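Some notes on the structure that comes next.
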Amino acid sequence: MKQAKTCAVIGSGIAGLAAAIRLQRQGFAVTVFEKNASAGGKMSELNAAGFRFDKGPTVLTKPEYVEELFTLCGKRSSDYWNYKAVDPIFHYFFEDGTKVRSSKDPQQLAADVEANTNASASSVLDFLKQSETKHFLTDEVFLQRSLHKIKNYLNWSTLRGILNFGKVDVFRSMDAANSKQFADQKVVDIFNRYASYNGSNPYLAPATLNVIAHYEITLGTYFSEGGIRSIISALQALAEEIGVTFRFHASVNEIITEGNRATAIRTEDRKENFDLIVSNADVYNTYKHLLPTLAAPKRFIEQPRSSSVIVFYWGMDCTFPQLGLHNMFLTNDSQKEYEHLFGTGTLYEDPTIHLTSSSKMNAADAPDGHENWAALISVPHDTGQNWDELVSQSRKRVINKLNGILKTDIEPHIVFEEVLDPPKVTTESGAAFGAVFGNSSNSMFSAFLRHPNFSSKLENLFFCGGTAHPGPGIPLCLLSAKIVSNLIEEKFTPAAE
Ligand SMILES: Cc1cc2nc3c(=O)[nH]c(=O)nc-3n(C[C@H](O)[C@H](O)[C@H](O)COP(=O)(O)OP(=O)(O)OC[C@H]3O[C@@H](n4cnc5c(N)ncnc54)[C@H](O)[C@@H]3O)c2cc1C
C-alpha cells in the first residue's frame with residue numbers, strides 16, 4: 001500500500017482546523033502544530049469566578065459552513081455541535097434615548113427603524129435587497145474561489161459580476177452609499193458599523209461591504225450552544241476521530257525550503273519533513289518569522305493594517321433586562337471616531353461599544369442573578385502605544401457611556417474583570433501588530449490585495465485564515481480552508497508516488 005503524503009498545518013485557528021479536516025479526509029496524513037496549550041486561536045474562552053466568556057467572536061453567521069465539515073466526514077454535526085437562531089439580533093442604543101432593534105425578520109427591523117428614527121421602512125428594505133444582490137454577485141466570484149488563478153475568471157458567475165459591476169458598488173464608500181440611502185444619521189451609523197466586522201473604516205471601505213448586512217440579518221445570526229468555543233471543541237473532536245494528529249505547545253520557528261519547495265518545519269526541539277505545508281498563522285508573521293530568507297510580496301506586506309480591540313470581560317452581580325445577547329452603544333460622532341482610529345491612530349473619547357452577554361442565551365455562563373459582559377471597542381492596531389494607559393482611559397469612557405445610557409452606575413456591580421488589548425491579541429493568537437483582521441479593507445482593491453491562498457514561490461506552501469483570501473471572520477476563514485483544500489486537490493495526489 002502506498003503511504004499517505006504528509007501535511008503540516010501551522011496553527012489551530014478555525015481555518016487551520018477546517019483545513020486539517022479537509023486534507024486528512026482527502027487522504028493526507030495531517031499534523032497540526034499549535035503554539036498554545038489548546039486549539040482555537042482567537043476563538044478562545046475564559047472561565048473564572050463562576051463566569052464563562054467567549055473571548056473573541058460572538059456573532060455567528062453561516063453555521064452551515066461548520067456543518068459541511070461533519071457531512072464531509074460522514075458524520076451528523078448535531079451529534080457534536082448545536083446552535084440556535086438569535087432574535088432580536090442587535091439592540092442599538094443612542095445617547096438621546098433612541099433605541100432600535102434589529103430582527104431576523106427584515107419587515108420587523110424596517111418597522112422598528114421607521115418607528116424610532118427619521119428613516120423610512122422602505123429605505124431599510126431596499127438596502128437589504130441591495131445587500132442581497134451584492135451577495136448574489138460577489139459570493140462565488142470573490143469568496144468561494146481563489147481570486148488569484150486566471151482560470152477562476154472564465155465562468156458565468158464572473159461574467160455576471162462584470163455585467164452587473166455597478167451593483168457591486170466598489171466605487172463609493174459604505175458611508176457615501178448609506179448617507180444617500182437613509183434619511184437619519186443614526187441609521188447610517190447602524191449600517192456603517194459593519195465595517196468594523198473586518199476592522200475597516202466605512203468612510204473609505206467600498207460600499208460592497210454593505211453585503212455584511214445580508215449575512216447578519218437576512219441569512220441570520222446564530223448562537224452556538226455552550227458558547228462559540230464549542231465549535232472549536234467539536235471540530236477538534238472530529239479531526240481527532242478521522243486521524244489528525246495535534247501537537248500543542250509546539251511553536252513553529254521556521255519553514256525550511258529547498259529550491260521552490262517547502263520541505264520541513266522546525267520547532268524548538270526538532271525538524272520534521274512534510275510533503276505539504278499549510279500556514280494558518282498570520283501571513284505577515286509567516287513571512288517575517290518563519291520564512292526570513294524568502295522575499296515577502298511587497299504589495300501585501302505594505303497594506304494598511306486593520307483595527308484592533310480592547311475588550312473588558314466583566315462579571316456583573318445583577319441583571320439588566322433592557323439588554324439582549326448583542327448590544328451596540330453608538331458614538332455621537334462616528335466620523336470622528338473613525339478619524340481617530342485610522343487617521344491619527346488614537347482613541348476617540350466617545351467610543352462605540354459592542355456589549356455581548358452570552359448569559360442571556362446560556363444561563364450557565366453566569367451565576368444566578370448575574371450576567372457576563374464582554375464590552376468591546378475598536379482601537380488602532382499596535383504601534384507601541386502605552387496600552388496600560390489607554391486601557392485605563394478606555395475603561396472610564398466605556399463605564400461613563402454605559403452609565404449615561406443605562407441610567408445607572410455599573411462600576412459597583414463589576415465583580416470580575418479581565419481585559420484583552422492589542423498586545424494580548426498578538427501573544428494569544430500571533431496576530432501581527434495586534435491587528436485582529438489582518439490588513440484593512442479600506443480600498444476598493446482590498447479583495448485583490450489580500451494574500452492568495454498559495455505561495456507563488458513555493459509550490460507546496462498554502463495559506464488559510466483571516467489574514468489570507470477571502471478574509472477574516474468565521475465564515476470566510478472556513479472558506480479559506482475550503483479553497484486551500486481545493487487547490488491542493490487539483491495539484492497533488494494524497495499518496496506518495
Ligand atoms: C475580540 C474579537 C471579536 C471577534 N468577533 C467576531 C465575530 O463576532 N464574528 C466573526 O465571525 N469573527 C469575529 N472575529 C474574527 C475571528 O475571530 C477571526 O477572523 C478568526 O477566528 C481567525 O481564525 P484563523 O483561522 O485566522 O486563526 P487564528 O484564530 O488567528 O489562530 C491562529 C492560530 O495559529 C497559532 N500560531 C500562530 N503562529 C504559530 C506558530 N509559529 N506555530 C504554531 N502555532 C502558531 C496561534 O497560536 C493560533 O492558535 C473576532 C475576533 C476577535 C479577536
Cα Rg, Dmax (largest Cα-Cα span) when computed across segment 177-282, Å: 21.7, 62
Distance violations [Cα-Cα > 21 Å] among Lys99/Lys167; Lys151/Lys288; Lys42/Lys401; Lys288/Lys424; Lys457/Lys491; Lys35/Lys62: Lys99/Lys167; Lys151/Lys288; Lys42/Lys401; Lys35/Lys62
Built amide H within the under 5 Å cut-off of His451, gap 5+: His469
Debye intensity ratio in log₁₀ form over the Cα atoms of segment 264-364, taken at each q of 0.11, 0.17 Å⁻¹: -0.68, -0.92
Positive dipole terminus of segment 96-242, leading residue within Tyr203, His148, Ile228 (C-beta point charges): His148
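Over segment 110-220, what relative contact order in percent results from Cα pairs under 8 Å that are six or more residues apart?
Values: 124 pairs, mean separation 33.8, N = 111.
Reported as a whole number, the value is 30 percent.
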Anchor Lys75: aspartates and glutamates whose Cα lies under 16 Å away (excluding residues fewer than 8 positions away in-chain): Glu64, Glu67, Glu240, Glu241
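As an exercise, identify the GluC sites (Glu not before Pro) in segment 278-339 lying in DSSP coil whose Cβ has no more than 13 other Cβ atoms within 10 Å. Please report the intermediate quantities before stating the final value.
On the way: sites: Glu302, Glu337, Glu339; in loops: Glu302.
Sparse-neighbourhood loop GluC sites (Glu not before Pro): Glu302.
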Descending Cα extents along the principal axes, segment 80-137, whole Å: 44, 29, 17
Along principal axes, Cα extents of the chain, largest first, whole Å: 69, 56, 45
Under the span-like rule (Cα at least 20 Å along the axis, Kyte-Doolittle mean at least -1.0), DSSP H helices of the chain: 121-138, 387-406, 474-491
Reduced Cα scattering model of segment 110-220, Debye log10 I(q)/I(0), q = 0.10, 0.14, 0.20, 0.23 Å⁻¹: -0.31, -0.57, -1.05, -1.29
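For Arg397 and Ser78, compute 0.36 nm times the residue count separating them, minus their Cα-Cα distance, and round to one decimal in nm.
Numbers: separation 319, 0.36 × 319 = 114.84 nm, distance 4.20 nm.
Length gained, Arg397 through Ser78: 110.6 nm.
Nearest 500 deg cm²/dmol is fine: what mean residue ellipticity at 222 nm does the chain get from its DSSP H runs of n ≥ 4 alone, each adding -39,500 (n - 2.57), divided by its residue count?
On the way: 15 runs with 151 residues, N = 497.
Taken over the chain, the calculation gives -9000 deg cm²/dmol.
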Relative contact order, percent, segment 303-449 [alpha-carbon distance under 8 Å, six or more residues apart]: 38
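Here, each number is a calculation from the coordinates, and none is a lab measurement. Quick caveat: nothing in here was measured; it's all calculated off a predicted structure. Using ideal geometry, Cβ is built from the backbone for each residue, glycine included, and neighbour counts are taken over all protein chains shown.
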